[in-house]
Each structure stands twice: as C-alpha cells, then as structure tokens.
Amino acid sequence: MVPNMKYIQDLVFKQGWSQTEFANELGMSRAEVNRLFNGRRKGGTKLAGNLIRVFPNEPIDKLFFLHQVLPVGK
C-alpha cells in the first residue's frame, strides 16, 4: 500500500495540524513527515498502521493507493 499523500495532507490541514503536530500524532520525527510530504519517502507497515490509528474513520482506499489484484490468467 502506498499512502495517498495528497489526501493525507488535506486531512492534516483540516485538523489544523502543523507537520510537527502530525509527526507527534504518528509517533514519527518531523523530518520523516517532511520527507513523506515531499515524496522522498514512501512509508511502510509502521506508517500504514499509524495512519490508520490517527485517522480511524477514514476509508482505507482513500488513505492508500491499493493495487488491484487480478486472478491468475487474466
């Protein structure tokens, strides 16, 4: 899963959080969040879990770009 950073940035803006405040919510450093917002970091399982925890009411398919899995032979 790849985080949908545009959508996440919009959520952060709506919450009125700075990058530092968002980093604190995620349990990450401000530098890591800055790299995420600037596209220099893609995330991982820790980030995915933290995003779901911070935004529990947001649909997974909006927080992340989900790869469609097709049956074999299609």
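The values are calculated or read from the model by the stated rules, or taken from the named source; none is laboratory data. Quick caveat, the model's predicted, so the values are computed rather than measured. Every residue, glycine among them, receives a Cβ derived from its backbone with ideal geometry; neighbour counts consider all protein chains shown. Ligands, DNA and RNA are stripped out before the accessible areas are found, and what is left, the full protein with its side chains, is counted by its heavy atoms. Shrake-Rupley method; radii C 1.70, N 1.55, O 1.52, S 1.80 Å.
Remarks
- Of all accessible heavy-atom area on the chain, the percent that carbon and sulfur account for (1.4 Å): 52 percent
- Cα convex hull volume per residue for the chain (Å³): 99 Å³
- Taking every protein chain into account, the accessible area of the chain amounts to 69 square angstrom per residue (probe 1.4 Å).
- Think of it as helices only: each DSSP H run of n ≥ 4 in the chain is worth -39500 (n - 2.57), and spread over all residues that comes to -15000 deg cm²/dmol at 222 nm.
- Cα-centre dipole for the chain with unit charges at Cβ (Lys and Arg positive, Asp and Glu negative), debye to 20: 280 debye
- Shown here for segment 9-61: chymotrypsin sites (Phe, Trp or Tyr not before Pro) in loop regions (DSSP other than H, G, I, E, B) with at most 16 other Cβ atoms within 10 Å, namely Trp17.
- Scanning residues 5 or more positions from Phe64 or on other chains, those with amide H under 5 Å from its amide H are Asn4, with H placed 1.01 Å from N in the peptide plane.
- Gain on full stretching of the segment that runs from Thr20 to Asn38 - 0.36 nm per residue minus C-alpha separation: 5.0 nm
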